[in-house]
1. Which GluC sites (Glu not before Pro) from region 75-134 combine a DSSP loop assignment with at most 10 other Cβ atoms within 10 Å?
2. Subtract the Cα-Cα distance of residue 43 and residue 89 from 0.36 nm times their separation in residues, and report this length gain in nm to one decimal.
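Nothing in this text is a laboratory measurement; each read-out follows from the coordinates by a stated rule. None of the values given here were measured: they were computed from a predicted structure. Positions of Cβ are backbone-derived with ideal geometry, glycine not excepted, and every protein chain shown enters the neighbour counts.
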Amino acid sequence: MELTQIRLLVSDFPRVYRFYRDVLGLKPQFEAETGPYAKFTPDTGQTGIALQDRTRMAGVLERLGAAAPEGYRALVVLRVEDLNAAHAEFTSRGAEFSGAPAPMGDRMRVAYLRDPEGNLIELQEWLVLRDQAAGDASA
């Protein structure tokens, strides 16, 4: 089994598309600002984030409807090399974070923001790579 993408169902496709492209700086596989579908691929790795127009998908899955569900629907996690730099860069592009970067345990630092539809995004900076942590534990 292979994970090919995380797909977010969105109501305001152009606004969310511009957020992922212009604010977070992810590269779309093809230009599709008006939708109904787009996929963004991060600099590393093969799994991407895709956007799907909610009303288009509602025809396939009737239970979704056009109304936005309440609460968090997804958590998109993006790893960055320098969390402070990413926080400053995204803030300069209009992102609003829920707080400053902060430690999460002793292996990483995180910061949270939301896309225009309320999907939660976690930026992670790994302080200790998993391979290093495993090596330290066996020593």
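1. Working: sites: 81, 89, 96, 117, 122, 125; in loops: 81, 96, 117.
In loop regions of region 75-134 (DSSP not H, G, I, E or B), the sparsely surrounded GluC sites (Glu not before Pro) are 81, 96.
2. Working: separation 46, 0.36 × 46 = 16.56 nm, distance 1.62 nm.
Result for the pair: 14.9 nm of gain on full extension.
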